[in-house]
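Any read-out appearing in this document is the output of simple, stated calculations on the displayed coordinates, not a laboratory observation. Just so you know, these numbers come straight off a predicted model, no measurement behind them. Glycine gets a Cβ as well: all are built from the backbone with ideal geometry, and neighbour counts include every protein chain shown.
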Ligand SMILES: Nc1ncnc2c1ncn2[C@@H]1O[C@H](COP(=O)(O)OP(=O)(O)OP(=O)(O)O)[C@@H](O)[C@H]1O
Ligand SMILES: Nc1ncnc2c1ncn2[C@@H]1O[C@H](COP(=O)(O)OP(=O)(O)OP(=O)(O)O)[C@@H](O)[C@H]1O
Ligand SMILES: [Mg+2]
Ligand SMILES: [Mg+2]
């Protein structure tokens, strides 16, 4: 589903964020991505969703080489991916409901459909009662959960999450992780960047570890989940 | 140094974020604040730095009842407090250097002084080499560390930190926590909100735990650090 | 926390065309309503924008109206060539009438009208600059006159007629009334040039005000745009509310402009009526009609939309998610 | 990662007054430089703002210049009261000169000048509207005239003198030249009213454009303002770069306005010269001098600063950290 072939990424300031990274994530697999601060985790996720282009190498998502995906095709590509951002990236001027409904609106869903799906997604992250609140009036963890609801509301075939539990307490973190695991069970390919080594090692899924932009110990320990 | 006397905070939406919270933090003490997502940790910190006013009760900081601190006195009050925000709150249009220099500029420090102190602070969080970078080109963890450098650069008498290690790997988190502990040793009162129970229980300082806005188990276990 | 359904529905389903059309329609309605709500939600700021736009639109419109009125005035002045025939001072009214009839009978004369010396003074007085000179006269210094309209407008034919009339014994002199029009022409050219300069400046101003406002609106929504692009919003989706914002600003600006021009006309028209009255004219200032006003509002809307489109085209691409 | 120094320096030291003053000065310099860099950094956007402001400033200035020029013209026209004494048609030049001398000897007459009928026609011709009428005359229909300047400007005295002169046997009629000025006065009043309306609209426009631009600048910097307030920035600290931004916009606008007015003057002046020439006048359009231009630029800067101050006062308070 997601294939990296000797991908390197050098930023303008000539910093090599990724160096010759190769891996392959099968459909419906759940993979964790870990590494120290600045190792290149977010960069890797950004390449998948075309926020950046690789300097060298090939990224293939869902059978399509992303190099062949022009500027005008980016929105469609992104619509097929659900993303939880490291810094939430919520619309501060819109209610929680509107934030979660955004991907559905973009895809041109009908009003009734949107209603139903948004409620379901917010319910999953335990925030149905804050539907009409503004993101500003939510705690850090609640904002993060709104971001998760927005990522899953369209039932994408690929789900990327960058530090989705950074602002959550251990108990809630475990619940959210379980949610991601459940998604991978119903056919979604999930890639999660996380520092919470204790939590992710407990879940026994494949773990990709980056160090200074290089993939170390290409984990093959398939989980049993 | 920081005193809460039966403080309650009710937000406009009639949600009680804090209920009758009382505690007392001695000068030069380091205290951790923990609790589930939405328990009221950030609200508590916001009351100390006058981003919110309590609905009931008294907050006394550095001997001054904050109720007596009018609108015009807020800047001076905030200048005496260093804060690490949960969502970093960096100036995206300015370089890392300028971000860290901001509190010094506000206080009217001289050019040379600013240079020296900013370098020292950035060195402490291991980002001296990214001095001229823009925050946008930093990883999540690096942004968080810039926020920490900004909070400590003026050597404030009080240091508040909201989830300062949420985006850092375990190793770096421990280092940053050690930095805070060091600060409390040289006379700074430190209050840190954190979810990382494993880490903070290892440090053996006093821990305040919030549950649904109420203080549970007013920890008195003074650490030996 | 419920577990996701174990259906194959986990893949993003392609929407049916009809559903997509409905969704598209709905987003249009929503964009229009939301941007309107936002515009109305900060009434003072929006009023400022409307006023700026309205003033910028009202000024060229006002000047255009002024030119229009001037043209109406000059059309009144722009009568066909006429000969004023001054008769011998000794001639009396009866003889003059006789002569008028005989001149009127000529082939090359369309009409010939006897103008009594008292009448002549009166019409002289109607000519502004002379009114007061005449008012101070105790006795009419003018002779009887004939007002002769030639059949042909051709300058040569007019000159020939003029010479022949001047040769008559009863005629003192003949005046051909053309140089005066040249002078007016020159004055009007000056006015037109001045109005051209002002008009050009002001149209530029309208475009700039709009472009600027929308550019700043885009900058203010930078975060929003980035986020929408990140979750897969197309350029059209991002553009829509901005275009509606431009539309609302333009529409409001057009309405303000129509109101300003109407107010200006109302303020000026008593003065113009007074002035016209002193010249014995019943000329009244022509204001903006209903249709004109609607066109002005429409123009505002179109300019608003166009300005928004330009600003969006220029600035939207620059905003890419990081 | 170094450990913090174990000094008591961990408390925020109060800065010495001198150091604070230096820091304050430095922040002023920095705010000025940074806001200028930002303004120049997006040259097109800033140019737009400058043009909008420049146009809004140039229009009232241009109108003011126009009025100024008109006033200069009317000052030429504004000669003291004069009596034109039309003599009996039968009187010859010699008798008229004699009479002029005797009238000139009167106590209530300042000067009395004999105007030959041919001269009179010539001066008649100089009066624009009549030039072409006269050009068509074969013979001079005017009698000899005296131009009498009364010693007193008092209307009653002038009226008495006029009556006494009219009673003389040699005098046909006397013309008192005042009503003509009333008429010009009325015309000027109309012009002034029109210019007042336009000027008011345009000054409003300047203020609005500025307020709007700074308001949007504030909104664009919302995040920045919140963060600065969060780390203890005073209102003055937040305000400073915004005020400088207003200053730069105003200054640029003033410069653009001066250039526009100068360009407009240069475009119009040949036309005005031509027109003046047809009236035998060597009147030239008075443009903006160096001092005037500098004042305009200064006015722009002051308005920019004032507009920024107003916008900041209105909108800055609303931005509080959450
Ligand atoms: N736009 C950019 N321009 C220049 N350098 C960048 C840019 N984005 C990221 N970097 C650098 O690339 C490196 C990898 O960044 P990345 O965000 O991928 O790290 P990360 O693994 O997500 O770290 P964290 O856990 O702290 O979020 C970092 O050193 C960062 O400073
Ligand atoms: N401005 C606000 N208006 C209304 N409710 C608010 C506001 N700010 C916070 N709340 C609510 O108050 C509660 C406590 O919020 P707070 O941010 O203090 O939680 P927290 O302990 O910091 O949580 P987290 O660990 O997720 O950051 C939450 O339920 C939140 O939704
Ligand atoms: Mg990252
Ligand atoms: Mg919080």
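The slack between residue B:95 and residue B:56, meaning 0.36 nm per residue of separation minus the straight C-alpha distance, is 10.0 nm. Across A:182, A:12, A:113, mean-square fluctuation computed from a Gaussian network of chain A (C-alpha pairs under 10 Å connected) peaks at A:12. Pair-distance distribution of the range A:92-155: all C-alpha pairs, bin width 10 Å, starting at 0; shares per bin in whole percent are 25, 59, 15, 0.
In this simple spin-label model, placing a label point 7 Å from the Cα along the Cα-to-Cβ direction at both residue B:112 and residue A:76 gives a separation of 6.4 nm.
Taking only Cα atoms, what is the 0 to 90° angle, nearest 10, from helix B:170-185's long axis to the longest principal axis of chain B? Tilt of helix B:170-185: around 80 degrees. Between the Cα long axis of helix B:111-124 and the first principal axis of chain B there is an angle of about 70°, rounded to the nearest 10.
Taking the centroid of alpha carbons for each part, the range B:174-196 and the range D:293-322 are 43 Å apart.
With axes computed from alpha carbons, what is the tilt in degrees of helix A:140-152 against the longest principal axis of chain A, rounded to the nearest 10 within 0 to 90? Once rounded, one gets 80 degrees.
Length gained on full extension, residue C:168 to residue C:21, computed as 0.36 nm times the residue gap minus the Cα-Cα distance: 44.1 nm.
Projecting 7 Å from Cα along the Cα-to-Cβ direction, the label point of residue D:24 sits 6.2 nm from its equivalents in the other copies, listed shortest first. If R0 is taken as 41 Å, the Cβ-Cβ distance between residue A:132 and residue C:70 corresponds to a FRET efficiency of 0.10. If you look at the Cα atoms of the range A:1-61, you get an Rg and a Dmax of 11.2, 36 Å.
When chain A is turned onto chain B, the axis of that turn runs closest to one Cβ of chain A, and that residue with its distance in whole Å is A:166, 2.
Taking R0 as 45 Å, what's the FRET efficiency between residue B:15 and residue D:266 from their Cβ-Cβ distance, rounded to 0.05?
So, using R0 = 45 Å, E works out to roughly 0.10.
Report the FRET efficiency, 1/(1 + (r/R0)^6), for residue C:44 and residue B:64, where r is their Cβ-Cβ distance and R0 is 41 Å, rounded to 0.05. Each step should come with its number before you reach the end.
Working: r = 37 Å, r/R0 = 0.91.
Given R0 = 41 Å and the Cβ-Cβ separation, E is 0.65.
Taken over the alpha carbons of chain B as equal point scatterers, the Debye sum produces base-10 log I(q)/I(0) values at 0.07, 0.12, 0.17 Å⁻¹ of -0.21, -0.64, -1.27.
Placing a label point 7 Å from Cα along the Cα-to-Cβ axis, residue D:204 is separated from the same position in the other copies by 2.4 nm, shortest listed first. When chain B is treated as a GNM with alpha-carbon contacts under 10 Å, the residue of B:94, B:145, B:214 showing the greatest mean-square fluctuation is B:94.
Summarising the label geometry, the points placed 7 Å from Cα in the beta-carbon direction at residue B:26 and residue D:204 lie 6.9 nm from one another. Summary value for the range A:111-154: 53 percent relative contact order, contacts being C-alpha pairs under 8 angstrom separated by 6+ residues. Spin-label pair residue C:318-residue D:106: with each label point 7 Å from Cα along the Cα-Cβ axis, the two points sit 7.8 nm from one another.
Output the relative contact order of the range D:186-309, whole-number percent, from Cα pairs under 8 angstrom with separation of 6+ residues. Spell out each step's value before the answer.
Values: 94 pairs, mean separation 45.3, N = 124.
This gives 37 percent for the range D:186-309.
Would you mind pulling out the separation of the Cα centroids of the range A:100-141 and the range D:30-75, in Å? A separation of 49 Å, based on Cα centres.
For chain B, what does the relative contact order come out to in percent, with C-alpha contacts under 8 Å and a separation of six or more?
Details: 413 pairs, mean separation 64.8, N = 225.
That works out to 29 percent.
Sorted from closest to farthest, the other copies place their residue B:68 label points 7.5 nm away, with each point set 7 Å from Cα along Cα→Cβ.
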